[in-house]
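The values are calculated or read from the model by the stated rules, or taken from the named source; none is laboratory data. The structure presented is a predicted model; accordingly, all values stated were derived computationally and were not measured. Methodologically, a virtual Cβ is constructed for each residue, glycine included, from the backbone with ideal geometry; neighbour enumeration extends over all protein chains shown. Accessible surface areas use protein heavy atoms only, side chains included; no ligands, DNA or RNA. Shrake-Rupley method; radii C 1.70, N 1.55, O 1.52, S 1.80 Å.
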Amino acid sequence: MSDHGFSTRALHSGDTADRSMVTRAKTMPLYETSVFVYDSLEQVDDFLSGNRDNYMYTRLGNPNQRALEQWGASREGGEDALVTASGMAAILAVLASECSAGDRIAAARDIYGGTHSLLAKELARLGIGVDFLSVDDPQGVSRSIAPATKLLLVETCSNPLVRVADIPGLARAAHARGAKLVVDNTFLSPVLFQPLSHGADAVVHSTTKYINGHSDASGGLVVSTGDWISRCRRFTQNSGGHLSPFEAWLTLRGAKTIALRMERHSANAQAIAGWLESRPGVQRVHYPGLPNHPHHDLAARLFPRGSGGMMAFDLAGGLAAADRFMRSLSFIAFAPSLAGVTTTISHPGKTSHRGLSEPELRELGLTQGTIRLSVGLEDVEDIRADLEQALARSAEL
Ligand SMILES: *Cc1c(COP(=O)(O)O)cnc(C)c1O
């Protein structure tokens, strides 16, 4: 398979995980079982001494998890992968497998809210020090990484302003200080960017988003070296953050079409972003595919195939305009998640960034008029028309 294209491998990876068994099913069957039967103590020994082709108990491993892990390792270009119950469980596994009390983690200041809480509220309490820093300038990052820092954790693109991290530069900065770089690649997906080939040491995903893509299953993925993944796996086996067989099965089913989906998400988003810039009442559009985005050149270099489907825009009329806009949409739903097949919007000021005051929002570059848009796979003229009529209504204030 290794000489085939991305789309071919996205469709076929994982499906052969079951071919050695009697049924020879065309696609991966669902193993909705919590436990597996053993014929002899010898088989038990074989499993417990690390043979991953056997299964014992679904918290320790299951064929559906394994199929999705093979897909993830192959598509991100890593030696091995681990799937988990959610993106947060994947991030916890990669951090907890590397850091002990007394170590430090450096993370991007504008990192996903759930990750911020995990670091600031849970890991800090367990004795792992946390430093939040601006990751705009890799040289500055290198200077501010403390000696006890084991990991630098960043996102390929930030939420919701889609600021782009210079992953090759940040990898050099982390390595120069003896730290490893972990990249949350959820917003781009492996179709548009593969952090391991740009110097990252581990990649994490919320598969809840683009990898599954259909907004019907939660899950997480870590891809790295065989050694690091075994330590992540041990942590997840011991802490119970494993992915259920059904969620793994659904996610692999969704993942097959990811190459086609990302192409359409990117093309639709590029068209919508350019069009939104010209609309009255829209103050600013944040999309790295637009020439006026502060990281446009970096995006053009790192994401030659497109910048994905996530963007944000600021309504000049602030909170009242945002409220009126959201109520006026017809098929575009207000749903505070992202990266599904249908177009959705969210309001960062009232959801992900709820705890922040107006000046704090402004400091991050957000306003109460900021709308996050996750551009879906609908016909682009229908997305445009729905946004257009809602913009017109929001301007009637
Ligand atoms: C959603 C998300 C997460 C958390 O993933 P869950 O599957 O909700 O646990 C982490 N990082 C990013 C960038 C996300 O968008």
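Condition (residue is open to solvent by 50 Å² or more (accessible area, probe 1.4 Å), part of a loop (DSSP other than H, G, I, E, B) and farther than 17 Å from ASP110 by Cα) applied to the range 356-366: is it met by at least one residue?
No: the range 356-366 contains no residue that is open to solvent by 50 Å² or more (accessible area, probe 1.4 Å), part of a loop (DSSP other than H, G, I, E, B) and farther than 17 Å from ASP110 by Cα.
Taking the condition of being open to solvent by 20 Å² or more (accessible area, probe 1.4 Å) and of a type outside the set (D, E, K, R), how many residues in the range 283-305 meet it?
Total satisfying the criteria: 9.
Pairs please, first residue from the range 82-96 and more than 17 Å from LEU151 (Cβ to Cβ) and in contact (Cβ under 8 Å) with a residue 12 or more places away in the chain, second anywhere and in a helix (DSSP H, G or I) and within 8 Å of the ligand (Cβ to nearest atom), Cβ atoms under 8 Å, 6+ apart in sequence or on different chains.
VAL83/ALA90; THR84/ALA90
If a residue has to be open to solvent by 30 Å² or more (accessible area, probe 1.4 Å), out of contact with any Gly (no Cβ under 9 Å at 6 or more places or on another chain) and of a type in the set (S, T, N, Q) to count, how many in the range 51-74 make the cut?
1
Output the number of the condition that ALA106 fails; it satisfies all remaining conditions of (1) buried (at least 23 other Cβ atoms within 10 Å of the Cβ); (2) within 16 Å of the ligand (Cβ to nearest atom).
Only one criterion is unmet by ALA106, namely (2).
Could you check the range 192-228 and list, in sequence order, the residues that are away from the ligand (no atom under 16 Å from the Cβ) and surrounded by 24 or more Cβ atoms within 10 Å (Cβ to Cβ)?
SER224, the sole residue that qualifies.
Pick out the one residue from GLY72, GLY113, GLY77, GLY127 that is more than 15 Å from the ligand (Cβ to nearest atom) and over 20 Å from SER239 (Cα atoms).
Checking each option against the conditions leaves just GLY77.
Does HIS175 fit the bill of being touching a residue at least 12 places away in the same chain (Cβ under 8 Å) and farther than 26 Å from LEU366 by Cβ?
It is true that HIS175 is touching a residue at least 12 places away in the same chain (Cβ under 8 Å) and farther than 26 Å from LEU366 by Cβ.
Which residues, taken from the range 282-317, are touching a helix residue (DSSP H, G or I) at 6+ places or on another chain (Cβ under 6 Å), within 18 Å of THR343 (Cα to Cα) and hydrophobic (A, V, I, L, M, F, W, C)?
Passing the criteria: VAL285, MET311, PHE313.
Of the residues that sit in the range 243-266 and are within 14 Å of the ligand (Cβ to nearest atom) and not hydroxyl-bearing (Ser, Thr, Tyr), which one is most open to solvent (accessible area, probe 1.4 Å)?
GLU247
Can you tell me which of GLY77, GLY87, GLY14 is surrounded by fewer than 14 Cβ atoms within 10 Å (Cβ to Cβ) and not acidic (Asp, Glu)?
Exactly one residue qualifies, and that residue is GLY77.
Kindly indicate whether any position in the range 373-388 is touching a residue at least 12 places away in the same chain (Cβ under 8 Å), part of a loop (DSSP other than H, G, I, E, B) and touching a strand residue (DSSP E or B) at 6+ places or on another chain (Cβ under 9 Å).
For the range 373-388, residues touching a residue at least 12 places away in the same chain (Cβ under 8 Å), part of a loop (DSSP other than H, G, I, E, B) and touching a strand residue (DSSP E or B) at 6+ places or on another chain (Cβ under 9 Å): present.
If the requirement is being under 16 Å from GLY226 (Cα atoms) and at pLDDT below 90, which of these qualifies: ASP18, ASP53?
One residue alone meets the criteria, ASP53.
LYS350 versus (1) open to solvent by 50 Å² or more (accessible area, probe 1.4 Å); (2) in contact (Cβ under 8 Å) with a residue 60 or more places away in the chain; (3) not aliphatic (A, V, I, L, M): which is the lone unmet condition?
(2)
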